[in-house]
Amino acid sequence: MDALDQFKEQWKNQSDNFVQHDKVQLTNILERKSTNLVKWIFVFGLVEFGLWALLSLVFHDQSTDSSSNSEIFVNFSNGLEIVSYAILIYFLFRFYANYKRISMVENTKQLMTKIIKTRKTVKLYVAINITLLVIGTIAALFLMINYDPELMATVRDIQTKQPNEFFYLKLAGVTLVVLTVACLLLLLVYWLTYGTLLRRLKVNYKLLQDSEE
């Protein structure tokens, strides 16, 4: 039995042992819970920003020690990093704005609307991050194969020693597998963090919808 069914059951079978919550009291309770959930969405966003910043510093230090990367690949990497930070900062502002708005709702309909908007914002954020990961990985691999002198020499050496007309097809297959695993892992992380909060917000929305009916 989920939270909504439990709520309905208690609502139908209330006795003196239960506190009698009217519609306004129920809305206030769900407002506090929803506000807290949206606050945690913002907190997770800040933690993610910190982790990406740390990883960026580590990989940046490693890349500066290597002189094999071509200028075009370095420029692409820097541009992709800027775009990633811009997206993350934008959604951090959106998460914070959602938190402030949902904490100032005045009625049930407003709260339901804010919950829907918050869930849409988080889903859009996850979709954009997955898309950026896929496009960025494919573009980076293409640039490395065609412009990285060290990698180009390695590829030529492999093809000279072991000629294989399906070399690039196999490389594409390996890339697809690795990229799929990376996307699944990222989705798993998002499912355990943002997904958990969204599911709880969905329960709150259903409870509000039930109280309206």
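The values are calculated or read from the model by the stated rules, or taken from the named source; none is laboratory data. Note that the coordinates shown come from a computational prediction; the quantities given were computed from them, not determined experimentally. Reconstructed Cβ throughout: ideal geometry from the backbone, glycine too, with neighbour counts over all protein chains shown.
So, of the residues in region 78-136 that are of a type in the set (K, R) and under 22 Å from W191 (Cα atoms), which turns out to be surrounded by the fewest Cβ atoms within 10 Å (Cβ to Cβ)? Can you show your working first?
Quick first cut of region 78-136, residues of a type in the set (K, R) only: 94, 100-101, 109, 114, 117, 119-120, 123.
Applying the additional criterion that residues be under 22 Å from W191 (Cα atoms) yields 94, 114, 117, 119-120, 123.
Values: R94: 19, K114: 23, K117: 15, R119: 20, K120: 11, K123: 14.
My answer is K120.
Out of the helices (runs of 4 or more DSSP H) lying entirely within region 137-213, which hold 3 or more residues that are over 30 Å from V38 (Cβ atoms) and at pLDDT below 75?
So the answer is 149-161.
Given the condition free of Cβ contacts under 8 Å to residues at least 40 places away in the same chain and surrounded by 15 or more Cβ atoms within 10 Å (Cβ to Cβ), answer yes or no: does some residue in region 176-194 qualify?
Taking every residue of region 176-194 in turn, none turns out to be free of Cβ contacts under 8 Å to residues at least 40 places away in the same chain and surrounded by 15 or more Cβ atoms within 10 Å (Cβ to Cβ).
Identify all residues within region 84-112 that are among the aliphatic types (A, V, I, L, M) and under 15 Å from the mean Cα position of the chain (by Cα); write none if there are none.
Selection gives A86, I87, L88, I89, L92.
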